[in-house]
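Worksheet for the structure shown next.
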Amino acid sequence: MKPLHLKSAMAAVAVLTAVSAQSARADSYFWAINQFATIQKLNGDTGAVVDSFAVPGLSGAAASVAIVGATGYYTQLGDNNIHKFDLATHADQGVAFTISGTVGYTNGITTDAAGHLWFADGGNGNLQEYSTAGVFLGAHAFPTDADSYRDGSVVFGNKVVTNRGDQEGPYDLYSLDGSMNGALTLVTAGFIGAGSGSNGIAFNGTNFYTSDEQAHKVSKWDINGNFVSIADLDQGSRYENWTFASQDIVPTGGVPEPATWAMMLVGFGGLGVALRRRRAVAFAA
């Protein structure tokens, strides 16, 4: 049987290896719609556009886009239809499904690591969850004192980060209770401290990226909401919400909780004890 300190050390190394592997998957490339007419893939660290093509089927009316596998889904200003297209060929595939029961029009769309689609109501309504087949999976009410028209939101695990209105920061952190229609609970007001002009937000499981539509900037924040860096966007750009493709999002389980970090520290301490004992035995021999 292995000594306890060796078991702890081995567990710590395993956790660290898993975290490193998860983090290596995360990249900084997200998707957005520019000027309501062009779908673009951008490098969030530099602001550079790395892919660009016209919105299939519509021009001048598309709001935001989400990518799940080989299919793109986007919203249109002024209606609750969710349109889809083939990511490889850019071919229009028509209306995927229609969102119902909204207070205002649904402009914002985002996806999570599971490939579900989430919509923040354009009015003072709910955050709605659907499958890509259009199956309704739940509606989650914001607190009654929360601001309406959230045009930037992201969902990960049982957490939601969203802005406070049309181009209005900061971004607040909410929790989901796990039930189909459970209400959202405010966890941290001002979790990401971006100010006026802030609308789009994307999260790859490691970092958040927020857009300042007026200043044409993209800001990077770490998983705890701390500012990391800022980059310029094209001065003629205008983006609503933006999202990472679902397959490029690292599940948040890959980021250690405080208790996990504590276990790792204990484990590495045990590894140090084991090494010192081996040296002592070798010296005595």
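The values are calculated or read from the model by the stated rules, or taken from the named source; none is laboratory data. Every value quoted in this text rests on a predicted model; they were computed, and no experiment measured them. Neighbour counts are summed over all protein chains in view; Cβ atoms, including those assigned to glycine, are modelled from backbone coordinates with ideal geometry. Remember, those area values only see protein heavy atoms, side chains included, never the ligands or the DNA or RNA. Shrake-Rupley method; radii C 1.70, N 1.55, O 1.52, S 1.80 Å.
Results, tabulated for the structure shown:
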| item | result |
| --- | --- |
| With every protein chain in place, the range 144-236: carbon and sulfur % of accessible area (1.4 Å) | 46 |
| Sequence-distant aspartates and glutamates (8 or more away, or on other chains) whose Cα lies within less than 19 Å of residue 217 | 27, 45, 51, 151, 166, 168, 232, 234, 240 |
| Whether the range 141-249 is rounded, prolate or oblate, judged on the alpha carbon gyration tensor where a/c under 1.5 counts as rounded | prolate |
| For residue 97, residues with placed amide H under 5 Å, excluding near neighbours | 82 |
| For the range 187-238, average projected area of the Cα convex hull in nm² | 3.7 |
| Gained length - residue 79 relative to residue 136, 0.36 nm times residue gap less alpha-carbon distance | 18.8 nm |
| Separation of the residue 179 and residue 196 label points, Cα + 7 Å toward Cβ, nm | 4.0 |
| Gained length - residue 90 relative to residue 46, 0.36 nm times residue gap less alpha-carbon distance | 13.3 nm |
| q = 0.25 Å⁻¹, the range 25-69: log10 I(q)/I(0) [Debye, one scatterer per Cα] | -0.89 |
